[in-house]
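Got a structure here, written out as structure tokens. Questions coming.
Each value in this text was obtained by applying a stated rule to the coordinates, not by laboratory testing. Given the structure is predicted, the values throughout are model-derived calculations rather than measurements. As a convention, Cβ positions derive from the backbone with ideal geometry for all residues, glycine included, and neighbour counts pool all protein chains shown.
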Amino acid sequence: MNRIITLTLPGELIFARFASETAAKAALLLINSCDGGADDWKFTHAFELAVSEAFTNTVSYAQKPASPQPVTIDFIFEKQCLTVTIRDTNPPFSIETPAPDIESYPERGYGLLLMRTVMDTVTCARENGTNIISMSKQLNP
Amino acid sequence: MNRIITLTLPGELIFARFASETAAKAALLLINSCDGGADDWKFTHAFELAVSEAFTNTVSYAQKPASPQPVTIDFIFEKQCLTVTIRDTNPPFSIETPAPDIESYPERGYGLLLMRTVMDTVTCARENGTNIISMSKQLNP
Amino acid sequence: MNISETQAGSITIVAITGTLDASTTKELLKSPAISNPAQSVVMDLEHLDFLDSSGLGALIGTLRKKRERSAETLISCMNDRVRRVFEITNAHRIFHIFDDTAAAVDYATQLTARI
Amino acid sequence: MNISETQAGSITIVAITGTLDASTTKELLKSPAISNPAQSVVMDLEHLDFLDSSGLGALIGTLRKKRERSAETLISCMNDRVRRVFEITNAHRIFHIFDDTAAAVDYATQLTARI
Ligand SMILES: Nc1ncnc2c1ncn2[C@@H]1O[C@H](COP(=O)(O)OP(=O)(O)O)[C@@H](O)[C@H]1O
Ligand SMILES: Nc1ncnc2c1ncn2[C@@H]1O[C@H](COP(=O)(O)OP(=O)(O)O)[C@@H](O)[C@H]1O
């Protein structure tokens with residue numbers, strides 16, 4: 001049986017840290033459930049960072065920021081793999097954005113780059129007006 | 001607007017600590033959102049402890065432990081007050097259990113006593129076969 | 001949760017790190033010095049971050065089983081959060097509680113030598 | 001997040017504790033030494049637990065605005081988690097990064113004296 005933890009938060013940036021810390025805790029739970037799994041900080045940090053980025057984007061690019069909608073995050077545990085999904089009804093977007101050119105000091109555009117780099121796979125599906133962002137990582141690839 | 005955080009966990013005891021740590025984090029969020037609120041460890045610990053007890057009971061007294069049902073915990077933020085609710089479809093029970101007589105070394109029966117003591121109010125309503133356990137505490141009573 | 005057992009003369013110091021709740025009590029009850037009812041122990045709780053009623057129940061059960069065999073279960077170095085659970089439940093009345101593990105070991109050694 | 005500013009000669013050491021993400025960057029950008037584009041700073045990140053792209057963006061914006069006024073933004077004492085964000089984004093190429101705050105202050109003092 002796959003185990004799922006679901007967290008629903010108000011769609012406000014003050015809850016970003018709650019989301020990212022919960023993601024780190026979910027990753028640690030997977031590490032601890034795998035016998036003798038060392039505390040792999042990169043695994044924990046990957047989820048903490050990727051969820052911080054995805055939650056922030058979901059809130060920031062919401063179309064009605066005046067009445068923020070709740071954001072639901074699923075953590076799906078499968079053997080050595082943890083998958084996080086976040087859904088939003090924001091406009092569609094491509095996750096294949098190019099990495100920003102650091103030499104021109106851009107202040108934005110690093111979020112998807114970080115998500116893609118720290119996770120094994122990042123996908124975004126569009127279904128019935130909903131973006132379904134899904135990010136997975138194996139503990140011991 | 002009241003803010004609500006909802007956490008849904010598999011109904012298994014290995015998730016008890018995830019529940020109690022999330023409760024502590026929710027309490028800390030309320031403290032931090034109240035200007036100049038000191039880090040009141042008793043407030044944080046009250047939620048950590050009460051949710052550990054309530055989650056453990058919900059899982060332990062579930063009628064079909066063979067196929068554990070998910071447990072949903074709501075954290076409701078209202079000004080200086082945090083309320084936690086947990087629902088289950090377990091048999092009805094009374095929260096007014098007497099405190100166990102410690103001199104006879106009982107190993108059980110302290111959960112509801114702890115919940116009632118650390119929270120301002122604990123109620124359990126029965127609606128359509130569901131127990132709705134609700135626990136509230138003011139930050140500065 | 002992590003358990004480490006250290007022998008100090010006839011007493012075993014059982015140091016518990018982390019969480020003692022419904023998900024970890026079984027492991028505690030399996031540890032050698034706890035599961036042997038004739039072994040006197042000092043439970044060093046300095047690094048116990050969180051205790052709930054399931055964890056407390058395991059400590060009380062340990063105390064009872066060891067008392068039946070005239071062995072001791074002493075507690076040392078609990079933090080304020082753990083102490084709060086002992087005080088609400090009155091468990092502080094049935095345990096000898098010390099601020100210092102060495103003092104607890106001395107006391108346990110005297111008690112067990114007396115028998 | 002918590003910010004503390006300490007003056008070291010002409011340089012301000014800005015020590016950040018906690019989290020730098022979308023919910024805290026505004027507060028950083030309002031702190032006196034950061035909001036003054038002519039003030040050279042050493043960002044002491046020893047107690048920065050978590051940085052994401054919003055926090056990094058604020059640091060990069062600070063660097064850019066200060067460079068336009070010939071002021072410096074140096075970084076010291078980042079942990080492995082924060083370093084990882086700098087490395088993935090290539091931000092480590094545009095910042096001077098030090099393991100030691102005192103060394104960063106010396107270097108910044110030299111750089112600003114030269115102008
Ligand atoms: N959840 C989302 N909803 C709508 N648009 C998004 C979402 N996530 C990312 N985007 C789009 O992709 C772009 C790149 O995102 P990102 O790499 O995180 O950088 P940044 O958010 O700093 O611009 C954003 O500017 C936005 O247009
Ligand atoms: N969520 C629940 N569902 C069903 N019964 C419960 C629940 N919570 C408590 N109870 C009942 O109340 C009793 C007292 O609970 P508690 O004080 O937590 O002590 P313990 O669980 O150690 O017996 C339990 O033994 C059980 O019969």
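Check the straight Cα-Cα distances from A:K79 and name the aspartates and glutamates below 14 Å, setting aside those fewer than 8 residues away within the same chain.
Reachable aspartates and glutamates: A:D35.
Quick check on my link table: of A:K42/C:K30; A:K25/D:K26; A:K64/D:K30; B:K25/C:K26; A:K42/B:K25, which ones sit more than 30 Å apart, alpha carbon to alpha carbon? Don't skip to the end; give the middle numbers.
Working: A:K42/C:K30 33 Å; A:K25/D:K26 27 Å; A:K64/D:K30 27 Å; B:K25/C:K26 27 Å; A:K42/B:K25 23 Å.
Violating the 30 Å limit, Cα to Cα: A:K42/C:K30.
Next up: Please give every one of the aspartates and glutamates within straight-line cross-link reach of D:K66, meaning a C-alpha to C-alpha distance under 20 Å, and leave out same-chain neighbours fewer than 8 residues apart.
A:D101, A:E103, A:E107, D:E5, D:E27, D:D44, D:D106
Could you please report the charge total around A:G111, scoring K, R as +1 and D, E as -1 over all other residues with beta-carbon less than 10 angstrom from its beta-carbon? Present the calculation step by step, with values, prior to reporting the outcome.
Details: positive: A:R108, A:R116; negative: A:E53, D:D52.
Cβ neighbours under 10 Å give a net charge of 0.
Stokes-Einstein D for the range D:2-99 at 20 °C, 1.002 mPa s, Kirkwood Rh over Cα pairs, in µm²/s?
Numbers: Rh = 13.1 Å.
D = 164 µm²/s.
Given the C-alpha atoms of chain A, compute the convex hull and give its volume per residue in Å³.
Values: hull volume 17.0 nm³, N = 141.
Here the figure is 120 Å³ per residue.
Which chain C residue sits with its beta carbon nearest the axis carrying C onto D, and how many Å away is it, rounded to a whole number?
Checking which Cβ lies nearest the axis yields C:D49, 9.
Which distances, in nm and shortest first, link the B:N140 label point to the same label point in every other copy, taking 7 Å along Cα→Cβ?
Label-point distances to the other copies, shortest first: 5.2 nm.
If you draw the axis that swings chain A onto chain B, which residue of A has its Cβ closest to it, and how far is that in whole Å?
Minimum Cβ distance to the axis, with residue: A:L7, 3.
Please rank B:E107, B:E96, D:E72, fewest neighbouring Cβ atoms within 10 Å first, as an exposure proxy.
Arranged by neighbour count, lowest to highest, B:E107, B:E96, D:E72 become B:E96, B:E107, D:E72.
Using the 10 angstrom Cβ neighbour count as an exposure proxy, how do B:K64, B:K25 rank, fewest first?
On the way: B:K64 9, B:K25 19.
In increasing order of surrounding Cβ atoms, one gets B:K64, B:K25.
Among B:Y61, D:Y107, rank each residue by its count of other Cβ atoms within 10 Å, from fewest to most, as a rough exposure measure. Show your work: numbers first, answer last.
Working: B:Y61 13, D:Y107 17.
Ranked by crowding around the Cβ, least crowded first: B:Y61, D:Y107.
Could I ask something else about it? Please report how far the C-alpha centroid of the range B:126-141 lies from that of the range C:1-33, rounded to the nearest whole angstrom.
Comparing the Cα centres of the range B:126-141 and the range C:1-33, I get a distance of 35 Å.
Still on this structure, I have one more. Run through every distinct alpha carbon pair of the protein assembly as shown and return the Kirkwood hydrodynamic radius in angstroms, one decimal place.
On the way: mean 1/r = 0.0394 Å⁻¹.
Kirkwood radius, the protein assembly as shown: 25.4 Å.
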